[in-house]
Amino acid sequence: MGQIITLTSANGVELPNIIGDAYSAGIINAAQGTTPITLLTGNPGYIVTRLFVEVDASCVMASGGMVSINFVDTVSGQNVGQYRAYIPATFNPPSVPTGPQLASTGAGYYFRSLNPNSSLQVSVNNALTGGTIRCAVNYALIDQDT
């Protein structure tokens, strides 16, 4: 027989029963524009445990500049996370191997939504003209009985 484990946040707040440790990802490219991508929908809610953003070195925008990559809860409108990066207007291939920029929130309790059918979406404030930005989330769905 298994043990019942109570989850608590870093400041001692008891967390609801959760189902699984899931992963979802989306790709933002020139075709996507600034249209939000839905990464997950929780019914009745969800808990985000980690956010990832990976910006390819080949990303370009029409005029170059800063881009904001925003993770937003659709019901509350709350900005769950944001990552900003400078993206140039033209791509100049590097002379040495270059990987993408990677950002992560780290593991642990990060954001909790108790709104029925609330979704986590990701979008950029300026459209890319080339390259890709990969975004992902680790999450758990909240149990219906909680």
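The values are calculated or read from the model by the stated rules, or taken from the named source; none is laboratory data. All of these numbers come straight from a predicted model, not from anything done at the bench. In this analysis, Cβ positions are derived from the backbone assuming ideal geometry, glycine residues included, and neighbour counts consider all displayed protein chains.
Does segment 70-85 contain any residue that is more than 18 Å from the chain's Cα centre (by Cα), part of a loop (DSSP other than H, G, I, E, B) and without any contact (Cβ under 8 Å) to a residue 60 or more places away in the chain?
No, segment 70-85 contains no residue that is more than 18 Å from the chain's Cα centre (by Cα), part of a loop (DSSP other than H, G, I, E, B) and without any contact (Cβ under 8 Å) to a residue 60 or more places away in the chain.
Which number in (1) more than 15 Å from Ile28 (Cβ to Cβ); (2) modelled with pLDDT of 95 or more marks the one condition that Val75 misses?
Of everything listed in (1) more than 15 Å from Ile28 (Cβ to Cβ); (2) modelled with pLDDT of 95 or more, Val75 misses just condition (2).
If you check every pair at least six apart or on different chains, which have Cβ atoms under 6 Å apart with a residue in segment 22-36 that is in a strand (DSSP E or B) first and a residue that is basic (Lys, Arg) and surrounded by 14 or more Cβ atoms within 10 Å (Cβ to Cβ) second?
Listed by first residue and then by second, the contacts come to Ile27/Arg134.
A quick yes/no check of all residues on (1) within 15 Å of Ile37 (Cβ to Cβ); (2) in contact with a strand residue (DSSP E or B) (Cβ under 9 Å, 6 or more places away or on another chain); (3) surrounded by 14 or more Cβ atoms within 10 Å (Cβ to Cβ); (4) not aromatic (Phe, Trp, Tyr):
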residue: Phe52; (1), (2), (3), (4): yes, yes, yes, no
residue: Asp56; (1), (2), (3), (4): no, yes, yes, yes
residue: Ala62; (1), (2), (3), (4): no, yes, no, yes
residue: Met66; (1), (2), (3), (4): no, yes, no, yes
residue: Phe71; (1), (2), (3), (4): yes, yes, yes, no
residue: Gly77; (1), (2), (3), (4): no, no, no, yes
residue: Ala85; (1), (2), (3), (4): no, yes, yes, yes
residue: Thr90; (1), (2), (3), (4): no, yes, no, yes
residue: Pro93; (1), (2), (3), (4): no, no, no, yes
